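In what follows, a structure is listed as C-alpha cells, so that the remarks can point back to it.
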Protein chains: 2
Amino acid sequence: MTQTTELSVRQRVDDWLASFEAALRARDAPAAAALFAPGCYWRDLVAFTWNITTVEGRDGIADLLTTTLESTDPAGFEVTEEPSEAGGVIEAWIRFETATGRGTGLLRLKAEGAWTLLTTLRELKGHEEALGDRRPQGVEHELARGRQSWKERREQEAAALGRDEQPYVVVIGGGQGGIALGARLRQLGVPAVVIDRNARPGDQWRGRYKSLCLHDPVWYDHLPYLPFPANWPVFAPKDKIGDWLEMYTKVMEVPYWASSTVRSATFDEASRRWSVVVDREGGSVELTPAHVVFATGMSGKPNYPELPGQDVFRGEQHHSSRHPGPEAYEGKRVVVVGSNNSAFDICGALWEHGADVTMVQRSSTHIVKSASLMDIGLGDLYSERAVAGGVSTDKADMIFASIPYRIMHEFQIPLYEQMAERDAEFYARLEKAGFRHDWGADGSGLFMKYLRRGSGYYIDVGAADLVADGRVKLAHGQVDHLTEDAVVLEDGTTLPAGLVVYATGYGSMNGWVADLVDAATAEKVGKVWGLGSDTPKDPGPWEGEQRNMWKPTQQQNLWFHGGNLHQSRHYSLYLALQLKARYEGLPTPVYRLQESHHAR
Amino acid sequence: MTQTTELSVRQRVDDWLASFEAALRARDAPAAAALFAPGCYWRDLVAFTWNITTVEGRDGIADLLTTTLESTDPAGFEVTEEPSEAGGVIEAWIRFETATGRGTGLLRLKAEGAWTLLTTLRELKGHEEALGDRRPQGVEHELARGRQSWKERREQEAAALGRDEQPYVVVIGGGQGGIALGARLRQLGVPAVVIDRNARPGDQWRGRYKSLCLHDPVWYDHLPYLPFPANWPVFAPKDKIGDWLEMYTKVMEVPYWASSTVRSATFDEASRRWSVVVDREGGSVELTPAHVVFATGMSGKPNYPELPGQDVFRGEQHHSSRHPGPEAYEGKRVVVVGSNNSAFDICGALWEHGADVTMVQRSSTHIVKSASLMDIGLGDLYSERAVAGGVSTDKADMIFASIPYRIMHEFQIPLYEQMAERDAEFYARLEKAGFRHDWGADGSGLFMKYLRRGSGYYIDVGAADLVADGRVKLAHGQVDHLTEDAVVLEDGTTLPAGLVVYATGYGSMNGWVADLVDAATAEKVGKVWGLGSDTPKDPGPWEGEQRNMWKPTQQQNLWFHGGNLHQSRHYSLYLALQLKARYEGLPTPVYRLQESHHAR
C-alpha cells in the first residue's frame, strides 16, 4: 500500500538520521560509521572538514569523524522535504547545523546503510548573507546631517581600496571565476578586490575569435545570485557573455580593478600576509591581503611548444589563446596543430572565412555533439525540463556534487553509450575521414575527461562535420620542425602554411604561481586539477578530489578558484565561506590537508 | 468534511467555467451574463476587447460579449491550479484561448454567480515569445561561409536602424517605462527604438538629487524578464537603479538611442505612419514608424507656476525636476513651494546639508510611512513573505489587476485605518506642527490617490519628522508674488529666500503630445491618467480605467506607456501585444475606444 511505503521511506530516513545524530552526539565515530554500507562515500564541503573532502568506506567515515567531531559539534539533522526512493536507493535532502554554521546535504540510503552522504556548509552563524528577507534596506529612513548617499559610499570605498584600506583577499584574474568569487565575498562582507589586466570585465571573452560561444547550455552556466533570464540563448555568443559579466560585476558591486596587472605576490611568514605588487594607472601599488586566490582560469597558462625552425618560419604563428580570429586569413593556408576544442573552433571559423585549413591531430580526441550532450549528458539536471520538474540550479549542483568521483564514471558510461548510438552515423563519418576518436579512457566520456585532465575533447558545435567530410583537411602525427613556409611532421608530411596556430592547450594553473610567486612555491603547491585517476594526463595516486581547487593548499593562504561555469558558481560559495571564516577569526581546523604528488 | 468541501469548490468552478464556455460557444451573451452576480465586474486586458476595459453589471458583460464574441472565439476555459475559498468567495486561476491568442485570468465566484473576472491576453498564437524552452539557440550548430556573429548582427542592426530599416514603433522616452516596453517589443520581435535625450540609460535617475531612492520596495519594482536579485536592497538608491537600467538595456538588447531628442511627430493619415524627427549625432533623422508611444513619464511635464515678481527675484528658482541637489545651499535660506513627494525629498536633503528650509503647504497632503505602506499596504502581495507564500510577481500583478477600480477603495480603506493606528503618534505630531494631512477623499489612502491624480502624497522615508518637529519650517497658503529676496504668501507672510524650489508637480502627459505633435492632437487625445472618480484633480465622468494608458487613444497609432514600476512591468506586456498584433496584421477590433472628456 502506497501510504505505508511512503511512511516507510520517510521513517527509514528519520531513523537513520536519528541514529546518526545520536552517535555524533556521543562522539562515537565507529558507531556512526557502522550506519554506512560497505562501499560508502562521504563528501564534505567545508562543514565538517574545513576542506573539500571525500572519504571512502567505513574506515574513512570513522577517521573523518574521529578528527572533526569535537570541533564541528554537529546537530539538528533532519529532512527538508519528503525523501524519494528508486531502484532500492532512498534519496533524502537534509539540513543540519554545526558549532559555527548551518548546512545542507543529500543522503543516499540503501538497505545496508548509507551509500553516499554529501554535506555542505551553507552559512556561518552570525554572518548570514543579506539575501531575501535579510536584504539590505537600501536607505535609512531617518535623516541625519552628513548622511552619505550610496554613490558616495561606493566612491569612497573605491578610493580607499589599496590605500587606506587593504583588502583581506586579492583575487588574481577577473574572468567569470574571479567575478563569481568576488560577488560571493562581497555578499559575505569580506573586503576583497578582483584584479584583471583587461580594460573591462568580459574582455576575456570579447577579445577572442568571433565565432566563440559558450559550449555549455545556459542552465549550467548561471552565475551566483543573478541567473540568466528566460530569454537568454542556450549557447551564449562571446560578446553577449562579455556584456553580462560586465553588467554583473557592476550591479553585484564586485570590487574590480581593471587594466591592472599583478607582477608579484610574496608571502610573509611572520605577518602571515601577502605583498602583492600591481601595475595600475601608470604606477605600482602594493596590496597586503591575508589571502591570495588564483582565478587565472583553467585555460590560463598556454602551452607553447618549442619546435625547431620556428625562428625561420616566415608566416605567422601563435597559440590558440592569441588567435585573433579568421578575418585576415581568407585564401591563406593555415595549419592548426591540435584537435581539441580550441582547434575545432578555430578551424571552423577559418573555414567559414575561406581559409585553406589543415588540422594536425597528434592524439585521439573525444567528441560529442553539443545537442546530445545537452540532452543526454545534462538534461536530467540542467535543462528546461529539469527546471520544470523542480530541479533548481542549486539542487542540480548538489546532485552533481553528491556523486563520488570514484564511481562517477559508472554513471557516465551508459550516457555516452546512448550518445554513441544516437549519433552513430556522425561517428562513422568521422572515423571514415581518419579522425582518431575516443570515449575517454574507460568510455566514460566528456565530463570525466574534463575532470581528469581538463582537455582532450571537443563539444561539437558544427566544426566536426568539416573534418568528417574533408572540408578541413586532416593530418596525423607530431610536428617535427618548421621550414620557412611549411610545417613538417615526423613522418615527413609537409604542410605548406602562411599561419600556424598552436592549439596545444594549457598548463597547470600553478604555472601562474611560478610566475608571480616563485618556482619553489609552485612546486610546493603542485599540479592543479585532476583526480589522480591514472588515466592519460592524470597520473595517480588517487586524490579523491580536484587537486588544489577551492580548498587549502600546501602554501598557506594561497588558493585556487575556477572550473567551468557550474563549478565556479557552486564552489565559489565554499571558497568564500572558508575565507569568511578566517576573516572572522573562526576556528577552521583543516582535515587532511591535501599533499602534492606532482609538480605540474 | 474537508474533502467534500474541496471537491465542492473545484466542482463549482469547473461547472461555472463549463456553463460560461457553453454560452460563449453558443454566442449567447445574455446567458453568459446571467452567470454573473448582480454587482459584477469583468476586466479584460486585450484578450476579448483589444483594449484595457472594465465593464460592470450583467448589462456590461452582455454588451462586451455581444460585440466581441464572434471575433474572439474564446474556448478552453479551465483552472490552472486548485481554487481556494475564503469568506464565501471562491478564487480561481484560469486559462483560456481565443482565435488569435492564449490568456490567463482570475475569477471570483460568489453564491450568486461570478463577482469579478479578469481576463488577460498572454501570447499570440504563432508569435509566442522565445522564452524558456523556446529560448533562442544562440548559435547555429552548423557552420556556413559568411555566417555572422551575434556581435556583427547587432552592429548591422544598429547601423541600419533609421536608415535602411524603419522601426515599426518609436518609443519616446527611455526611462524605466520606455526600457521595459522596449524589452517586451524586442522579445516579441517588433522592430522598435527607444529614444531618450540623456547620454546613458539610467541618467534619468543619476541626474536627480543625491538622496533620491525608490520609495516602492523591491518586490514591487522588478522589470520584465530579469528580476532584481535576492541581495538587492529594499529601497534602491538612485545610482544603483541607474546602473541596473543601463545594464538591463544592454543585456536585454533593448534598441536604444541615447543623446537623441524627438523634435516632432506628425501622423500621415494616408500612409498611416508617423514622421518622427529626431536630433541625433549633430544632425537630424527622420523615422517613419507606424506607431508612436509616449513613455515620457508620469512625472514628465513640469508644472512651473507663473507668479508676479519671478523676474525681479535675485536668488535661484527652479522646478523640483531641475533641482540639482542640496550641496550648494548650506546655510542658505530655501523656500520649497509644495508639500508632496518631491517637496519632502528636497526639503529633507537640504536640511541634511545645513540649509534653512521652509516648506509652503498649499493644500493637504496624504502621508504614509514607507515601512507601514510596505507591510500593511503591499505586504500580502509584494514582500518576502508573499514570495515565500507562493505569490509570484506575476500572481501579485494579476491579483492587483483583478480588483475593479470602482470598488478598490473599499479594499484600501481598512488598510489605511490600520496604518493610522500603527503610526498614531506620528500623525499626532504632524498635526501638532500644523501640517494639513488627509487620507484621500474617502480615506482610501495612497494608492487610490495615486491612481486618481498621480500626486498629493508623500511616502515618508524620514523627512516628515523634520516637519513634525519644526526642523523644517512650515508655512501655509498660496504664493502671491516674489520680491527681490523673498516669497510672499497670500496672507502677507514674507519668507526670505536665496533659493525657491517649485515642487509644484507635473502636468498631464498629453502636454508632450502638444509639444511634439500639435495642440489639436493633444486636445483630441485628452487628459492622461485618472479614473474619473470625481475627487480632487480627478473629475468625472467615471472612466473605469486609467485615461489613455496602455491602450488605443483617440489619435490613431498614438499610445502612452508608464506608471510606477509595477504598472510599467505588467502593462508593458499588454501594450506590446497590441502593437505586435498590429505588426503581424492580425485583426484587433477595439471594444469601446475611450472617449476623451477632459483636455488636460
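Remarks
- FRET efficiency for B:Ala26 and B:Leu593, using Cβ-Cβ distance with R0 set to 30 Å, rounded to 0.05: 0.60
- For B:Thr288 and B:Arg95, the difference between the fully extended length at 0.36 nm per residue and the C-alpha to C-alpha distance is 65.7 nm.
- Tilt relative to chain A, helix A:238-251 - C-alpha long axis, 0 to 90 degrees, to 10: 30
- Plainly put, the tip 7 Å out from Cα toward Cβ on A:Val285 is 3.8 nm from that tip on each other copy, the closest given first.
- Cα-based convex hull volume of segment A:464-600 per residue, rounded to whole Å³: 180
- Distances, shortest first, from the label point of A:Ser364 to those at the same position in the other copies read 8.6 nm; the point lies 7 Å along Cα to C-beta.
- Residue of chain B with the smallest Cβ distance to the axis mapping B onto A, distance rounded to whole Å: B:Met247, 2.
- Under 5 Å, built H, 5+ apart or other chain: amide partners of A:Val528: A:Met509, A:Asn510
- A versus B: buried accessible surface, summed, Å² (probe 1.4 Å, to nearest 100): 5400
- Using the Cβ-Cβ distance between B:Gln148 and A:Glu316 with R0 set to 25 Å, the FRET efficiency works out to roughly 0.50.
- In the calculated pair-distance distribution of segment A:322-478, the portion above 18 angstrom amounts to 61 percent of the Cα-Cα pairs.
- Segment B:59-205, Cα convex hull volume normalised per residue, Å³: 218
- Subtracting the Cα-Cα distance of A:Asp469 and A:Glu421 from their residue separation scaled by 0.36 nm leaves 15.3 nm.
- For the protein assembly as shown, share of DSSP beta bridges that run antiparallel, in % to the nearest 5: 55
- Its relative contact order, with pairs defined as Cα atoms under 8 Å and 6+ residues apart, puts chain B at 16 percent.
- Rounded to 10°, Cα long-axis angle of helix A:57-72 versus longest principal axis of chain A: 60
- Once the 1.4 Å probe is applied to the protein heavy atoms, segment A:419-523 comes out at 39 Å² accessible per residue.
- Magnitude of the charge dipole, segment B:41-179, Cβ model with Lys/Arg +1 and Asp/Glu -1, debye to 20: 500
- Once backbone amide H atoms are built at 1.01 Å from N, B:Tyr41 has B:Gly57, B:Thr116, B:Leu117 as its partners under 5 Å, excluding neighbours fewer than 5 places away on the same chain.
- Sites listed here are trypsin sites (Lys or Arg not before Pro) in segment A:230-333 whose DSSP assignment is loop and whose Cβ has at most 15 other Cβ atoms within 10 Å: A:Arg272, A:Arg314.
- If you model segment A:334-412 as an ellipsoid using its alpha carbon gyration tensor, with each semi-axis the square root of five times an eigenvalue, the axes come out at 35, 17, 9 Å, biggest first.
- Calculated on the alpha-carbon coordinates, the convex hull of segment A:1-136 measures out at 111 cubic angstrom per residue.
- P(r) tail fraction, segment B:132-279 - alpha-carbon pairs more than 23 Å apart, %: 46
- Chain lengthening between A:Gln554 and A:Phe411 when straightened (0.36 nm per residue, less Cα-Cα): 48.3 nm
- Efficiency of FRET between A:Asp534 and A:His437 - r from beta-carbon atoms, R0 25 angstrom, step 0.05: 0.70
- Looking at segment A:250-313, the GluC sites (Glu not before Pro) that sit in a DSSP loop and have at most 13 other Cβ atoms within 10 Å of their own Cβ are A:Glu269, A:Glu281, A:Glu306.
- For residues of A:179-187, the mean tally of beta carbons on other chains within 10 Å: 1
- Inter-site label distance for A:Asp491 and A:Thr80 at 7 Å from Cα along Cβ, in nm: 5.6
- Given charges at beta-carbon only (K, R positive; D, E negative), |dipole| of the protein assembly as shown in Debye: 1320
- Restricting the calculation to Cα atoms, every distinct pair contributes to the Kirkwood radius of segment B:150-199, found to be 11.4 Å.
- Residue-averaged [θ]222 nm for chain A, counting only DSSP H segments that reach four residues, each worth -39500 (n - 2.57): -9500 deg cm²/dmol
- Residues A:Lys301, A:Lys432, sorted by accessible area with the largest first, give A:Lys432, A:Lys301 [1.4 Å probe; ligands and nucleic acids excluded].
- 7 Å along Cα→Cβ, label-point gaps from A:Asp534 to other copies, nm, shortest first: 9.2
- Flagged links, alpha-carbon separation over 18 Å, of A:Lys210/A:Lys449; A:Lys250/A:Lys580; B:Lys432/B:Lys473; A:Lys151/B:Lys332: A:Lys210/A:Lys449; A:Lys250/A:Lys580; A:Lys151/B:Lys332
- Other protein chain Cβ atoms within 10 Å, averaged over every residue that makes up A:460-470: 2
- The residues A:Met408, A:Met298, sorted by heavy-atom accessible surface at 1.4 Å with ligands and nucleic acids left out, run A:Met298, A:Met408 from largest to smallest.
- Ordering A:Leu378, A:Ile399, A:Asn341 by the projection of their Cα atoms onto the charge dipole of segment A:287-399, which places +1 on the Cβ of Lys and Arg and -1 on the Cβ of Asp and Glu, puts A:Asn341 at the extreme positive end.
- Hydrodynamic radius by Kirkwood, which averages 1/r over all alpha carbon pairs of segment A:249-360, in angstrom: 17.9
- For chain B, diffusion coefficient by Stokes-Einstein and Kirkwood Rh (Cα), 37 °C, 0.692 mPa s, µm²/s: 127
- For segment A:402-528, size of Cβ-based charge dipole, Lys and Arg +1, Asp and Glu -1, in debye: 380
- In degrees, nearest ten, helix A:150-160 long axis to first principal axis of chain A (Cα): 70
- By accessible area, using a 1.4 Å probe on protein heavy atoms only, chain A has 48% of its surface on carbon and sulfur.
- Percentage of interatomic Cα-Cα distances in the protein assembly as shown larger than 39 Å: 58
The values are calculated or read from the model by the stated rules, or taken from the named source; none is laboratory data. Computed from a prediction, not measured in an experiment: that's the story for all the values here. Neighbour counts are summed over all protein chains in view; Cβ atoms, including those assigned to glycine, are modelled from backbone coordinates with ideal geometry. Calculation scope for accessible area: heavy atoms of the full protein, side chains included, ligands and nucleic acids excluded. Shrake-Rupley method; radii C 1.70, N 1.55, O 1.52, S 1.80 Å.
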